[in-house]
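> Please read through the structure below; I'll follow up with questions.
Each reported figure results from applying straightforward, stated rules to the coordinates on display, with no laboratory input. Given the structure is predicted, the values throughout are model-derived calculations rather than measurements. Positions of Cβ are backbone-derived with ideal geometry, glycine not excepted, and every protein chain shown enters the neighbour counts.
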Amino acid sequence: MKKINFFSALIVLSVPLNGLSAGESAAQREAAGYYEAGRTSKALETCIAALKRDPPDEGLYAYALEILPEGPSKYAGPLRDIAAKASALKPESYIYYLGLCKLTRGAGQPAEALSNCKKARALDPTSLAVYRELGLTYSRNGDNDRALETLTQGVDLSSGNYKAYYYLAAEYERRKEFPAALKNYRKALALLKTGENADRRTYSKLIRGRINICSGAITKATGHRTPNRLTNQPADNPAAGKSAVAAPEKLFEICMKEAEDLKKADDPVDMEKKLSACAALAPRNPQPITERAGFLIRLGKYEEAAVQYRKAAGLFPGNDPMAAFCHIKTAQTYSKLNDIPKTILHYEKALEINKNDLNALMGLAAVTEARADFKAAGALYIRVLKAEPSNAKARERLDEINFNLLSDSQRLEELRGRRGADEKKTAFSAEDLKLLKAIHRAERNGAVDYLKARTSYTKGLIMEKKEQDHIKLMLTLAGFKSYQNYQTRDAVSFFEKKAINLRDVFTLRDLNGTPFFAPGGRLTIEGMESYWAAQQSGNKTWLLPYETVSRSPEDDTLNAQTEEFLKNGFKEISEPEYFWLMKVTSCPDEVLQTPPCGVKLLKTSKTRKYFLCYSQTAPCFTQAAQILAGYVERYRANNTWIPENTGASAFFGSGGGEQHRFCHKGKIWTGN
């Protein structure tokens, strides 16, 4: 009998085993004989020769794939050609796409392999072989969670087939989740004992070997031997049976304690691995699955996270708030993947559990609004406000939606009502739209109450409008401008408290590069909105004069390094000023950019920025930096005269004699 190791066994079981059934062809019987004798190449050649004569022989093709070793093979080309011919004759057969799945997987074409497996599943979504090959493909591609999920589906479809449990066990073992692997190997063995498979003895021996390996791994981890269920002999220690049965629960407790300790280090990679191991010890416990999904999000593995949140949702009772929570997290994760249908589906599942769940309502409203379905989104925000009238975000979005649903003529009429346009105006312009939106945002930001607190005289600034059930106070155009003036004073004070000098305050820009202040000194509409954002979030929403608009992580790094240089006594000099330094000193780059000169260069794919130490109290302000700063100031004063010999008699003051520039022959001249 041919010796079969673990990896080759996975290959052997990769498609349905036709074995030596009554309906097999003579070629298949001949190939099986060669294979049992350990002559795999001869068996494959026999299959291929017969398939070239009769390409649509599905059973023979399945057997050839079954014994084909995983990975690159000289037989892959002929089998691919046969699949192309046979699928043309039998386009409804899934087996040829399944063959292409394995062949392309072995050739290192993961995307094509996955595509072929999915085509096979579309043709026969009930075949165990399809889920087995698809699971193996996901596993080979490194998508471990999908592999496990797919192989579990295979078990659900074929719960009486030992191979379904075998493959699921093998995947668990590959992940070193030995308790789950052991459980499924034992189930496979139990089914194999009662089955009629012609190769029962071979695979029974193989599975017993895997059981022994998994049992050994668990014993090493727990210190307890598992009961010998293969021979029905008692364990060496009379109490060992009880200990081994309890081992997974104890292991789970230990695992979760270790996970809790790991949280202190805040390492998402280690936490995700640990929680994955904990989940394997208690597959029906949603806690480690839910927690793991959160760390997968932090690692940017959104698809895996969505799978875990879905799995956790299914483990809670149908009406449990935690099930709703998991559906919401699933929706949020799919939103990151821009999978809008699944995002909506899981928000709706959460609302089926709790129709007034505010997070689900707000999430569904936001994604509905993003799809430009404003009426549906508005209805959802109204539901939020009925449940929580103080929800400022829902009120803001509802106001924005209602505004967006207005026609231009309705908006123009509103602007007239606010005394921002006369009766002769007939067209509503883009500037009118910008102004009216800013007035609405100011009102949502509390502008009416703000004005009433700042001045007792509000005539002409605030107006009343009768609504269906209340009187609404609104800003007139004059009121908005008055509010804008007050906000300008507040903003200047705000930025001065941030240690920004007054001269630089009026050169600030928002994060898109738009000025905060107009030439006359008043806050622009964009500046006012960024100022509000800074107040509300506490985040930096402005760019200082030296900062560039962030378009990429590279820009963020440039801004951070620039800020660090400025804190340490440097000032930015322009590129022409740097070239002037090279010219007037005769110093090359390597001299200017190393101590004692210490010019700093920041270089990105788009720009170069130079910095020179200017602060007399900073450690970087060497004698060389002082001389270079003097040269820069001369240049800025339009003094660009360069005598033939310039500079001190020697940089370090060592003697007189012949004079040279700051550098001589590529080095700082010291008089020697």
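> Give me the percent relative contact order of the range 445-538, please, defined on Cα pairs under 8 angstrom at least 6 residues apart.
Result for the range 445-538 is 18 percent.
> No other cysteine beta carbon under 4.7 Å away is the test; run it over the chain and list who passes.
If one checks each Cβ against the other cysteines of the chain, Cys47, Cys214, Cys326, Cys597 turn up with nothing under 4.7 Å.
> Shifting gears a bit: Over the chain, what is the relative contact order in whole percent, taking alpha-carbon pairs under 8 Å and six or more residues apart?
Taking the mean separation of contacting Cα pairs over the length of the chain, I get 4 percent.
> In a shell of Cβ-Cβ distance under 11 Å around Thr333, excluding Thr333 itself, what net charge do Lys and Arg (+1) and Asp and Glu (-1) give?
+2
> Give the calculated FRET efficiency between Lys355 and Lys393 to the nearest 0.05, with a Förster radius of 30 Å applied to their Cβ-Cβ distance.
E between Lys355 and Lys393, to the nearest 0.05, is 0.95.
> Excluding the sites themselves, what is the longest stretch of the chain that contains no GluC sites (Glu not before Pro) in a DSSP loop with at most 14 other C-beta atoms within 10 Å?
With a cap of 14 other Cβ atoms within 10 Å, the longest stretch comes to 197-422.
> Between the helical axis of 477-496 and the dominant principal axis of the chain, each derived from Cα atoms, what acute angle in degrees is found, rounded to the nearest 10?
Orientation of helix 477-496: about 80 degrees from the principal axis.
> Under a 5 Å amide H to amide H cut-off, with H placed in plane at 1.01 Å, what residues pair with Ile573 once short-range neighbours are removed?
Under 5 Å from the amide H of Ile573 lie the amide H atoms of Tyr610, Phe611, Leu612, each far enough along the sequence or on another chain.
> I want the local charge near Tyr61. Using Cβ-Cβ distances under 11 Å, sum +1 for each Lys or Arg and -1 for each Asp or Glu among the other residues.
Summing Lys/Arg as +1 and Asp/Glu as -1 gives -2.
> Another question, if that's okay. Among the chymotrypsin sites (Phe, Trp or Tyr not before Pro) in the range 482-582, which ones are in a DSSP loop with at most 13 other Cβ atoms within 10 Å of the Cβ? Mind listing them?
none
> OK, next. How would you rank Ser139, Ser115, going from fewest to most other Cβ atoms within 10 Å of each one's own Cβ?
Ser115, Ser139
> Still on this structure, I have one more. Give me the Debye-computed log₁₀ of I(q)/I(0) at q = 0.06, 0.08, 0.12 Å⁻¹ for the chain, equal point scatterers on Cα only, no solvent, two decimals.
Scattering profile of the chain, log10 relative to I(0): -0.66, -0.91, -1.22.
> Which log10 I(q)/I(0) values, to two decimals, does the range 251-408 give at q = 0.17, 0.18 Å⁻¹ under the Debye formula with one point per Cα?
Each listed q maps to, in turn, -0.96, -1.02.
> Per residue and in Å³, how big is the convex hull formed by the alpha-carbon atoms of the range 490-589?
136 Å³
> Using the Karplus equation 6.51 cos²θ - 1.76 cosθ + 1.60 (θ = phi - 60°), what ³J(HN,Hα) coupling, rounded to whole Hz, does each residue of the range 100-111 give in order, writing x for Gly and Pro?
5, 4, 5, 5, 6, 5, x, 8, x, 10, x, 5
> Let me ask something else about it. On a 0 to 90° scale, report how tilted helix 302-315 is relative to the longest principal axis of the chain, with both axes built from alpha carbons and the result rounded to the nearest 10.
Here the helix axis deviates by roughly 60 degrees.
> Still on this structure, I have one more. Fewest Cβ neighbours within 10 Å first, please rank Asp143, Asp270 accordingly.
Asp270, Asp143
> May I pose another question? Find out how many positive minus negative residues lie around Arg444, taking Lys and Arg as positive, Asp and Glu as negative, among other residues whose Cβ is under 13 Å from that of Arg444.
Net of charged neighbours comes to 0.
> Next up: Compute, for the chain, the length of the dipole vector about the Cα centre, with Cβ point charges of +1 (Lys, Arg) and -1 (Asp, Glu) only. Units Debye, rounded to 20.
Roughly 960 debye, rounded to the nearest 20.
> For the range 576-625, evaluate the Debye formula with one uniform point scatterer on each Cα (no solvent term) and list log10 I(q)/I(0) at q = 0.26, 0.28, 0.29, 0.32 Å⁻¹, rounded to two decimals.
Here the Debye-derived log intensity ratios amount to -1.06, -1.15, -1.19, -1.27.
> Using only the alpha-carbon atoms, how far is helix 408-417 inclined from the longest principal axis of the chain? Give it as 0 to 90 degrees, nearest 10.
It is inclined by approximately 40 degrees.
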